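To keep things clear, I will list the structure first and then write my remarks on it.
The values are calculated or read from the model by the stated rules, or taken from the named source; none is laboratory data. It should be emphasised that the depicted structure is a prediction, and the values quoted were computed from it without experimental measurement. Glycine gets a Cβ as well: all are built from the backbone with ideal geometry, and neighbour counts include every protein chain shown.
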Amino acid sequence: MSGHAPSWLIQIVSSLLNIAVLLGVFLTLFALLSVLERKILGRMQNRYGPNRVGPWGLFQPVADGIKMLIKEDIVPARADKVVHFLAPILIAATAILALGVIPYGRNMTPFVIDGGILFFFAVGSTTELAVFMAGWGSNNKFSLLGAMRAIAQMISYELPLIITVLPVVMVVGSLNPDKIVFAQKYYYFGFLPHWFVLTPWGATAFILFFVSGLVESNRTPFDVPEGESEIVAGHMTEYSGFKYATFFMAEYLGMFAVSGLAVTLFLGGWHAPLPWLGFIPSYVWFFAKLSVLVFIFIWVRGTLPRTRVDQMMNFAWKFMLPMAFTCLISAAVWHYAGRRLSGWLWSFAIIAIVYLALSLFLDTRKKFAPRTYRFAE
Amino acid sequence: MSIVAFIIIAIFTLTFALAAATNPRLMHAALSFAAMFVGIAAFFFLLGAEFVGLVQIFVYVGAVAVLIVFTILLTRRDPEKDRGFNWGGVIIAVAVFGGLLWATLRSPSVTIGPAIVKALTVKQIGEVLMTHYVWPLLCVGVLLTAALIGALVLVMEDKPQ
């Protein structure tokens, strides 16, 4: 092949193949997940969930897709037409781009970039602009309020999200996702994987990263931007039909991207949890870990109520940010203590001290009286 | 190949730069400005400066553009009012353009082509930042901390006595 076709053609065709596979896999997963989420939520809330279309309601996404496609596309008369039209496209494009740098298996990174992690966040930060365009373009007060809330929380939680990635980048010494996965391929004592989540700083960073990921993808309990009881649907209020479906898709793709990055950074990427399980293909392991994380996303949604805006902001700046910086220091201590048991214990001690200190200083019991309930006799 | 890419990116960037400068609707101008930043990042990619290009998108599209958009949102809008010709703006624009032109002409010329760049490591960036550029780094750090504290002071509520 390489002897016959010009190199630019090979480059373009291989990129197109990558894009096609990426879109095919993740749009199918999105369709599957949309029905699975409803099934799981139904199970958690003691009801059936969708069960009319196909066996166990599995063809529900097809029906939903057809419905969304043939719905009327309403654009408000006073809307900023161009911005209103571009916002869903931009938001979906950024979500898909972010998926492009994650290593899905051995030699299965769609686009190998040296600064892959940076690319992920650079693309992710564009989402804020897209959300703002949606809110502004709709020319509706609910939309604008929702967009402002979304941007406020995304900017606040972007800090812990990025700072919790830094310890991993620091320890590995590379921004390349493949090298980060490669650094986690060994096993202690022949069975304990070298994953960063098994170190104290890694475990803390993973939890902080996951919570920030929940916020960045606007999922419950942090779905304040689309709090339907207050502001209809936030920045998506004036969107209907397929454009609304695009926002919905972008949310799920964002969820896949954040979970995929969490797997890459902390859960050993596509490596098997035990050395003798290496015969199972690497992508199976990656998608198994991804499904576990996505299930936790759904589980949290089915369990926790929505937080208030002020609670969320306080949590970001007073707890998440100091803890994220602590992870950085703790990882440095772990590294300089020789990455052994002593380093493990020192790094654990640092995190425990900061955590205890924060929970003492941020004691909210002083401010609020215990809630009293009154019932009709 | 790279000449074609250069011309395409140049047209893209200049179009959005012109749109940003001339569009009477402030929000459209701000969004064109953001698109222009993407064009500039593309130039960095073309030159093989991947890291700078990614930081360009990260900082300028993700943060500066959002900041500009918020500034527009939080200030008064009277789009139809004609403020007359802005001579101060012309002077500043000519001065900035002159400065850039002078700097560009002084710098050694670079042939646009497939750039040969070594794989960049975080260690190199860290070492350069902590040795050669440590003073600018510290100054930026102090400036940003001051800005953060200033913002907090501005929005702090007076506690009722």
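Key figures
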item: Filter pass, A:Phe295 being buried (at least 19 other Cβ atoms within 10 Å of the Cβ) and out of contact with any strand residue (DSSP E or B) (no Cβ under 6 Å at 6 or more places or on another chain); result: no
item: All positions within region A:114-135 that are over 20 Å from the mean Cα position of the chain (by Cα) and modelled with pLDDT under 85; result: A:Asp114
item: Residue count for region A:98-123, restricted to those that are under 19 Å from A:Gly213 (Cα atoms) and at the interface with chain B (Cβ under 8 Å from one of its Cβ atoms); result: 5
item: Residues that are of a type in the set (D, E, K, R) and more than 11 Å from chain B (Cβ to nearest Cβ), drawn from region A:129-162; result: A:Lys141, A:Arg149
item: Condition met for A:Ala262 (modelled with pLDDT of 80 or more and under 22 Å from the mean Cα position of the chain (by Cα)); result: yes
item: Qualifying residue in region A:243-258 (condition: among the hydroxyl-bearing types (Ser, Thr, Tyr) and surrounded by fewer than 16 Cβ atoms within 10 Å (Cβ to Cβ)); result: no
item: Matching entry among A:Val13, A:Val25, A:Val35 (being surrounded by 12 or more Cβ atoms within 10 Å (Cβ to Cβ), under 16 Å from A:Thr109 (Cβ atoms) and not acidic (Asp, Glu)); result: A:Val25
item: Enumeration of residues in region A:187-228 that are without any contact (Cβ under 8 Å) to a residue 12 or more places away in the chain and in contact with a strand residue (DSSP E or B) (Cβ under 8 Å, 6 or more places away or on another chain); result: A:Leu198
item: Candidates A:Leu166, A:Leu161, filtered to the one that is closer than 24 Å to A:Pro110 by Cα, in contact with a Cys (Cβ under 9 Å, 6 or more places away or on another chain) and assigned by TED's automatic domain parsing to the domain that holds A:Leu277; result: A:Leu166
item: Residues that are within 28 Å of A:Ala79 (Cβ to Cβ) and part of a loop (DSSP other than H, G, I, E, B), drawn from region B:1-34; result: B:Asn23, B:Pro24, B:Arg25
item: Residues that are at pLDDT below 85 and either away from chain B (no Cβ under 11 Å) or in contact with a Lys or Arg (Cβ under 8 Å, 6 or more places away or on another chain) (or both), drawn from region A:163-181; result: A:Gly173
item: Residue tally, condition over 30 Å from B:Val61 (Cα atoms) and either surrounded by fewer than 18 Cβ atoms within 10 Å (Cβ to Cβ) or under 26 Å from the mean Cα position of the chain (by Cα) (or both), over region A:39-97; result: 33
item: Search result, residues across region A:128-156 that are hydroxyl-bearing (Ser, Thr, Tyr) and crowded, with 24+ Cβ neighbours inside 10 Å; result: A:Ser138, A:Ser143
item: Single match in A:Leu274, A:Leu253, A:Leu304 (criterion: under 22 Å from A:Ile40 (Cα atoms) and over 13 Å from the mean Cα position of the chain (by Cα)); result: A:Leu304
item: Failed criterion for A:Asn107 (all others in (1) in contact (Cβ under 8 Å) with a residue 60 or more places away in the chain; (2) within 25 Å of A:Leu267 (Cβ to Cβ) hold); result: (1)
item: Answer from A:Phe315, A:Phe287 - the residue that is among the hydrophobic types (A, V, I, L, M, F, W, C), under 28 Å from A:Ser34 (Cβ atoms) and assigned by TED's automatic domain parsing to the domain that holds A:Ile163; result: A:Phe287
